[in-house]
Amino acid sequence: MAYTREVTNYDNLIAGPTYTTAVVPLAASQQVKRGDLIVAAVTVATGASANTIAASFSKNAAQCAPGNLYMIAAEDVTTGSGSAGKVLAYGAGYYNQDAVALTGDLTTNKLVLLQQGIVLVPVQSGEVTLPDED
């Protein structure tokens with residue numbers, strides 16, 4: 001009896017269904033890698049009508065905060081100092097918490113991202129050892 005080897009490429013980032021993908025604007029002077037958390041920050045001012053959201057996404061460098069819009073970069077993109085770009089990004093779905101670049105407390109980040117349907121979960125390695133044919 002011979003074994004047949006079937007291969008599925010393991011994606012360390014995706015941990016389940018991905019419900020949202022979109023090409024979004026990326027600010028100038030950004031170096032984003034697949035798995036980086038990106039943010040379109042919301043500026044809260046006095047009076048609800050004065051709140052504004054950033055016109056583009058940037059690489060997140062702080063703990064997640066309620067009210068900001070977050071996505072996860074699906075590709076590597078670098079923008080120049082004077083030119084903005086675009087990046088394919090994931091939104092709502094299930095992702096490996098160890099593969100998403102986060103800053104700050106994991107529990108707080110997970111709860112804030114959950115508000116947008118981004119679920120971070122622990123996952124196992126996708127490597128499988130097959131028995132020898134002998």
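The values are calculated or read from the model by the stated rules, or taken from the named source; none is laboratory data. The shown structure was predicted, so the numbers you read here are calculated from the model rather than taken from an experiment. Cβ placement follows ideal geometry from the backbone for every residue including glycine, while neighbour counts extend to all protein chains displayed. The accessibility values were calculated without ligands, DNA or RNA, using every heavy atom of the protein model including side chains. Shrake-Rupley method; radii C 1.70, N 1.55, O 1.52, S 1.80 Å.
Points to keep in mind about this one:
- Among the candidates Val77, Val123, Val87, the residue that is over 22 Å from Gly16 (Cα atoms), in contact with a strand residue (DSSP E or B) (Cβ under 7 Å, 6 or more places away or on another chain), of a type outside the set (Phe, Trp, Tyr) and buried (at least 17 other Cβ atoms within 10 Å of the Cβ) is uniquely Val77.
- Some residue of region 38-51 being surrounded by 12 or more Cβ atoms within 10 Å (Cβ to Cβ) and within 23 Å of Asn12 (Cα to Cα): yes
- Residue satisfying all of: in region 22-51; β-branched (Val, Ile, Thr) and modelled with pLDDT of 95 or more; nearest to Asp76 (Cα to Cα) among these: Val32
- Check on Asn96, open to solvent by 40 Å² or more (accessible area, probe 1.4 Å) and touching a residue at least 60 places away in the same chain (Cβ under 8 Å): no
- Pairs meeting the criteria (first residue in region 103-120 and more than 10 Å from Gly93 (Cα to Cα) and among the β-branched types (Val, Ile, Thr), second residue part of a loop (DSSP other than H, G, I, E, B) and open to solvent by less than 60 Å² (accessible area, probe 1.4 Å), beta carbons under 6 Å, at least 6 apart or on different chains) are Thr103/Ala62; Val112/Cys64.
- Pair list, Cβ < 6 Å and 6+ apart or interchain, from region 65-77 residues that are charged (D, E, K, R) to residues that are at pLDDT 95 or above and surrounded by fewer than 22 Cβ atoms within 10 Å (Cβ to Cβ): Glu75/Arg34; Glu75/Leu88; Asp76/Lys33; Asp76/Arg34
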